[in-house]
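In what follows, a single structure is set out as structure tokens and then discussed.
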Amino acid sequence: MKSPASKLFPGMLDTHPSFKKQSLMGWPSIPGFHRVRRKFASRMRSGQSPTSNLATLQTSYDPADTIRALRAHRWSYWDGQYLFLVILGIFCLSIIETPGAIVKTLISTLLIISLVLPITRQFFLPFLPVAGWLVLFYACRFIPSEWRPPIWVRVLPALENIIYGANLSNILSKNTNAFLDVLAWLPYGVIHFGAPVVCSAVMFVFAAPGTVPVFARSFGYMNVIGVVIQLMFPCSPPWYENLHGLAPANYSMPGSPAGLARIDKLFGWNTYTSTFTAAPLVFGAMPSLHAGCATIEALFMGHVFPRGKWFFYTYILWIWWATLYLQHHYAVDLIAGSFLAACTFYFAKTKFLARLQPDKEFRWDYDFLEIGNGYSPDYAFGMSDFNGDYHSEDDEWTTGSSSSVSSGCLSPVEDTQSVWESGSETLAGHSDTEGIDVVIDDRR
């Protein structure tokens, strides 16, 4: 049956190139868009992934599923991370003065409920390190000065002059104008805050299942380590040297927006002046977590999109320049922050991150995962020489399958069958049924 458009324009839809394969339903003609839309539609219709259960999300609201998962869980030393997070949370909540006890209790209760319900646990379990970092950063304002070490004012300027022969921040910020101010403000004051969410969304669609939880944990723990270093080794930033010279600093001094004050003046608002003046951690110059966040985001995105890695690395250089130009960090702070991020990424990549499979485009295309940097002679097709039974080592970091896959490879090659007894992979790296054995039966 011909459409109304074909009756009005007979032959035109078949011959004119602008009408060939053109959707009349209003969907944009973006490469790959229709494939993503079809996969989403397929999952909505069937409730399962088109290729396997690796990409399936939890939909259960039953706390009993979480209890069964805990009973089946095989504990390892990696689970010590949760003891650390509990201790960190108790410490922060005990020193935070505002909000009061009622609000803190309500927030804690909601967090516990989110971890009990499987449908929310898959999101909030890998988010715990990020939450721990945010709470710790906020709690820094309430740490008594008597508990803190002296502030180092001369160390970073001295290192800057020894390594580079000059203060690079002062050199780059010597000549300022509105264009450079906006160019520096975009990565430092805008993109920095939205990039983790955007990267997570992109990796959720295009990366292997389990990549987002590893990214969330890596991002969170990197920032926690950075804040702990800043608390133990407090250093003054470049703006302090410009305002107070090398005079001794104390914890009662307010922060400064430095170059971002020009952005407030340019747009007629007071956002950055009020925010940085009341910053919880004024003397947290070393390491730069702006550089750290940019670096770990670029490394993860480069892992998922190897052909675009230099584009992501350019973002690191952009935020490095912006941080120096706005006088918020010394160059040595940037190196330290990026080094911390690189160490975190490569540790996660070696132990927990699923390897890229060039023939896979979306998360729904994966029917097996290769975790870590284990050697695989037939990498593109899997380990054809793998024999025997494989028992997954279940822990919260590995995100290989319904029962998380440890370093190695699960690959259906030739007549090899991978039997998943039950469960489905979640964003937390676990299904409701943990500790499932994965059997590889080579029937050659």
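Please report the net charge: other residues with Cβ closer than 13 Å to the Cβ of Cys235, K and R +1, D and E -1. Walk me through the numbers on the way to the answer.
Numbers: positive: Arg148, Arg154; negative: Glu160, Glu241, Asp333.
So the surrounding residues net to -1.
Relative protection proxy for 289-299, 193-203, from highest mean packing down: 289-299, 193-203 (other beta-carbon atoms within 10 angstrom). Converting phi to 3J(HN,Hα) with the Karplus coefficients 6.51, -1.76 and 1.60 and the offset θ = phi - 60°, segment 123-129 yields 9, 7, 5, x, 7, 4, x Hz in sequence order, with x at every glycine or proline.
Multiply the residue separation of Arg141 and Ala279 by 0.36 nm, subtract the distance between their alpha-carbon atoms, and state the gained length in nm to one decimal.
Values: separation 138, 0.36 × 138 = 49.68 nm, distance 0.77 nm.
Residue separation times 0.36 nm, minus the Cα-Cα distance, leaves 48.9 nm.
Rounded to the nearest 20 debye, the dipole magnitude of segment 149-371 is 100 debye, with +1 charges on Lys and Arg beta carbons, -1 on Asp and Glu beta carbons, and the Cα centre as origin. If you plug the beta carbon distance of Arg355 and Leu134 into 1/(1 + (r/R0)^6) with R0 = 25 Å, you get a FRET efficiency near 0.25. In the structure shown, do any of Lys309/Lys360; Lys174/Lys265; Lys104/Lys349 have a Cα-Cα gap over 28 Å, and if so which? Over 28 Å apart, Cα to Cα: Lys104/Lys349. Under 20 Å from a label point set 7 Å out along the Cα-to-Cβ vector of Cys343, the amide N atoms of segment 267-292 belong to 284-292.
Over segment 149-371, what is the mean sequence separation of C-alpha contacts under 8 Å (at least six apart), divided by residue count, expressed as relative contact order in percent? It rounds to 33 percent for segment 149-371.
What FRET efficiency would be calculated for the residue pair Ile335, Ser60, taking the C-beta separation as r and a Förster radius of 56 Å, to the nearest 0.05? Intermediate values should be presented prior to the final figure.
Working: r = 46 Å, r/R0 = 0.82.
The formula returns an efficiency of 0.75 here.
About its Cα centre, the dipole of segment 58-142 is roughly 80 debye, where the only charges are +1 on Lys and Arg Cβ and -1 on Asp and Glu Cβ.
Ranking Tyr61, Tyr272, Tyr313 from most to least accessible surface, computed with a 1.4 Å probe over the protein chains only, gives Tyr61, Tyr313, Tyr272. When the residues Leu317, Leu334, Leu128, Leu111 are ordered by accessible surface, computed with a 1.4 Å probe over the protein chains alone, the sequence from largest down reads Leu317, Leu111, Leu128, Leu334. Taking all protein chains as they are arranged and a probe of 1.4 Å, the heavy atoms of Arg68 leave approximately 130 Å² accessible to solvent.
Under the simplified labelling scheme, the Tyr251-Phe193 pair shows an inter-label distance of 2.6 nm, with each label point 7 Å from Cα along Cα→Cβ. Surface composition of segment 58-142: carbon plus sulfur atoms hold 78% of the accessible area, using a 1.4 angstrom probe and ignoring ligands, DNA and RNA.
Modelled spin labels at Leu183 and Trp269, positioned 7 Å past Cα toward Cβ, are 2.3 nm from each other.
To the nearest 10, the accessible area of Tyr251 is 60 Å² with a 1.4 Å probe. Placing unit charges on the Cβ atoms of the charged side chains and taking the dipole of segment 149-371 about its Cα centre, the candidate lying farthest along the positive direction among Ile163, Ala298, Pro358 is Ile163. For segment 149-371, the fraction of 1.4 Å probe accessible surface lying on carbon and sulfur atoms is 71 percent. Amide H contacts for Trp152 (H built 1.01 Å from N in the peptide plane; partners 5 or more residues away or on another chain; cut-off under 5 Å): Cys235, Ser236. The stretch between Asn175 and Arg148 holds 6.1 nm of extra length on full extension. This uses 0.36 nm per residue minus the Cα-Cα distance. Here Glu361 sits with roughly 80 square angstrom of accessible surface, probe radius 1.4 Å.
Length available on full extension from Leu93 to Trp75: 0.36 nm per residue minus the Cα-Cα distance, which gives 3.8 nm.
At a 1.4 Å probe radius, which order do Asp367, Asp333 fall into by accessible area, largest first? Working shown, then result.
Numbers: Asp367 60, Asp333 0 Å².
I get Asp367, Asp333, largest accessible area first.
In this structure segment 149-371 gives 41 Å² per residue of accessible area when probed at 1.4 Å with all protein chains present.
The values are calculated or read from the model by the stated rules, or taken from the named source; none is laboratory data. Note that the structure is predicted; figures quoted are calculated from it, not measured. Note that we place each Cβ from the backbone using ideal geometry, even for glycine, and neighbour counts take in every protein chain shown. SASA here: full protein model, heavy atoms, side chains in, ligands and nucleic acids out. Shrake-Rupley method; radii C 1.70, N 1.55, O 1.52, S 1.80 Å.
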